[in-house]
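**Student:** Following this message is one structure expressed as structure tokens.
The values are calculated or read from the model by the stated rules, or taken from the named source; none is laboratory data. None of these values were measured; they are calculated from a predicted model. Every residue, glycine among them, receives a Cβ derived from its backbone with ideal geometry; neighbour counts consider all protein chains shown. Accessible surface areas use protein heavy atoms only, side chains included; no ligands, DNA or RNA. Shrake-Rupley method; radii C 1.70, N 1.55, O 1.52, S 1.80 Å.
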Amino acid sequence: MANKSRPPTKSYPKPPPSDGDGNHIHNTILLNLPPKESAMLLSRLELVRLKTHHVLHEPGDTLKSAYFCNTRLVSILSVFPDGKSVEVGLVGKEGFVGIPLVAGFRTSPTRAVAQIEATAFRVDGETLMVILRQCPELERRLQQFSQIMAMQVTQIAACNRLHEVDERLARWLLMSADRIGSNSVPLTQEFLAQMLGTRRSSVTVAAGILQRAGLIAHSRGDVEIIDRPNLEEAACECYAIMQRQVREWQGDSK
């Protein structure tokens, strides 16, 4: 009697690593720490849920806490004396909020705000500064991310000055999609205008240009990327410049 072949074994995706409380870890800095440093840091972290538009800190605030972003987006904004603000950086699961602490500074020059409902691992600021002295790989990775953010801030500042709103909007949508891992970005035109430092009417016109070209679908409170390759073509060169620089630095650090 012929042997019956066994049915193929189903394979399931491996769940992401988790902390001691069972919370999944998506932050790439935390995921790439050596075991000893990871154990030391994770025992001091607390998962927090950030509501949309939750402010993590304002300019001049003492940084009592730092955050390893775990899901969704946090915007870094430059705030002017008249209350106007413009986004100068974006942080997702690749990054960290509280960069001055890495250099031993205790106050923030910017505002950090959750763009959409997010999660992050929070650590006490003073505790982090102590841990950094015992965790060289963590310190190295935070210094590298600090340099990436400095490059990003410089490029976005030039972008806001030199490029048209539709090009900047395309660049911003691509950056956001990269960080949340989705082509659907749930944001209003009013918030987009604040992020881009322009009028809401200008964002409406820019979104219309991209939508008529078949690159995005825009509805109230949500933007869906339909044609990513051509959206990259429609974006200013700043997106490609930043992507290329990050890839080069990542290659250098291996």
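**Student:** Give the residue, chosen from P7, P35, P17, that is out of contact with any strand residue (DSSP E or B) (no Cβ under 6 Å at 6 or more places or on another chain), at pLDDT below 95 and surrounded by fewer than 12 Cβ atoms within 10 Å (Cβ to Cβ).
**Tutor:** Within the list P7, P35, P17, the selection yields P7.
**Student:** Another question about this same structure. With the structure loaded, tell me whether E137 is among the charged types (D, E, K, R), surrounded by fewer than 17 Cβ atoms within 10 Å (Cβ to Cβ) and in contact with an Asp or Glu (Cβ under 6 Å, 6 or more places away or on another chain) or whether it fails that test. Explain how you work it out, then say what you get.
**Tutor:** Values: among the charged types (D, E, K, R): yes; surrounded by fewer than 17 Cβ atoms within 10 Å (Cβ to Cβ): yes; in contact with an Asp or Glu (Cβ under 6 Å, 6 or more places away or on another chain): yes.
The answer is yes for E137.
**Student:** L33 versus (1) within 16 Å of R141 (Cβ to Cβ); (2) assigned to a strand (DSSP E or B): which is the lone unmet condition?
**Tutor:** (2)
**Student:** Output the helices (runs of 4 or more DSSP H) that fall wholly within region 107-219 and possess 2 or more residues being without any contact (Cβ under 8 Å) to a residue 40 or more places away in the chain, or say none.
**Tutor:** 125-132, 136-162, 189-196, 200-212
**Student:** May I pose another question? If I filter region 226-233 for residues that are closer than 25 Å to K93 by Cα and not in a helix (DSSP H, G or I), do I get at least one hit?
**Tutor:** Yes, region 226-233 has at least one match.
**Student:** State whether the residues of region 87-100 include one that is within 20 Å of the chain's Cα centre (by Cα) and part of a helix (DSSP H, G or I).
**Tutor:** So in region 87-100, the residues within 20 Å of the chain's Cα centre (by Cα) come out as 87-100.
Next, only the ones that are part of a helix (DSSP H, G or I) stay: 99-100.
Taking every residue of region 87-100 in turn, at least one turns out to be within 20 Å of the chain's Cα centre (by Cα) and part of a helix (DSSP H, G or I).
**Student:** Output the residue which, of all residues in region 68-95 that are among the acidic types (D, E) and open to solvent by 50 Å² or more (accessible area, probe 1.4 Å), is modelled with the lowest pLDDT.
**Tutor:** The residue in question is D82.
**Student:** A further question follows. Take the residues in region 111-128 that are of a type in the set (A, V, I, L, M, F, W, C) and under 12 Å from S65 (Cβ atoms); name whichever of them is farthest from the chain's Cα centre (by Cα).
**Tutor:** In this case the residue turns out to be L128.
**Student:** Please go through region 83-132 and give me each residue that is hydroxyl-bearing (S, T, Y) and within 12 Å of L63 (Cα to Cα), ordered by number. So that I can check it myself, show each step before the final result.
**Tutor:** Filtering region 83-132 down to residues hydroxyl-bearing (S, T, Y) leaves 85, 107-108, 110, 119, 127.
Residues satisfying the conditions are T107, S108, T110, T127.
**Student:** Sticking with this one: In contact with a helix residue (DSSP H, G or I) (Cβ under 8 Å, 6 or more places away or on another chain) and farther than 28 Å from V223 by Cβ: does that describe L174?
**Tutor:** no
**Student:** Please pick out the residue among A158, A177 that is surrounded by 15 or more Cβ atoms within 10 Å (Cβ to Cβ) and either touching a Cys at 6+ places or on another chain (Cβ under 7 Å) or within 30 Å of P100 (Cα to Cα) (or both).
**Tutor:** Within the list A158, A177, the selection yields A177.
**Student:** Take the conditions at pLDDT 95 or above, among the hydrophobic types (A, V, I, L, M, F, W, C) and over 30 Å from V102 (Cα atoms) and apply them to A150. Does it pass?
**Tutor:** no
**Student:** Pairs, please: C-beta under 7 Å, at least 6 apart or cross-chain, first residue open to solvent by less than 30 Å² (accessible area, probe 1.4 Å) and in region 52-67, second charged (D, E, K, R) and in a loop (DSSP other than H, G, I, E, B)?
**Tutor:** L63/R106
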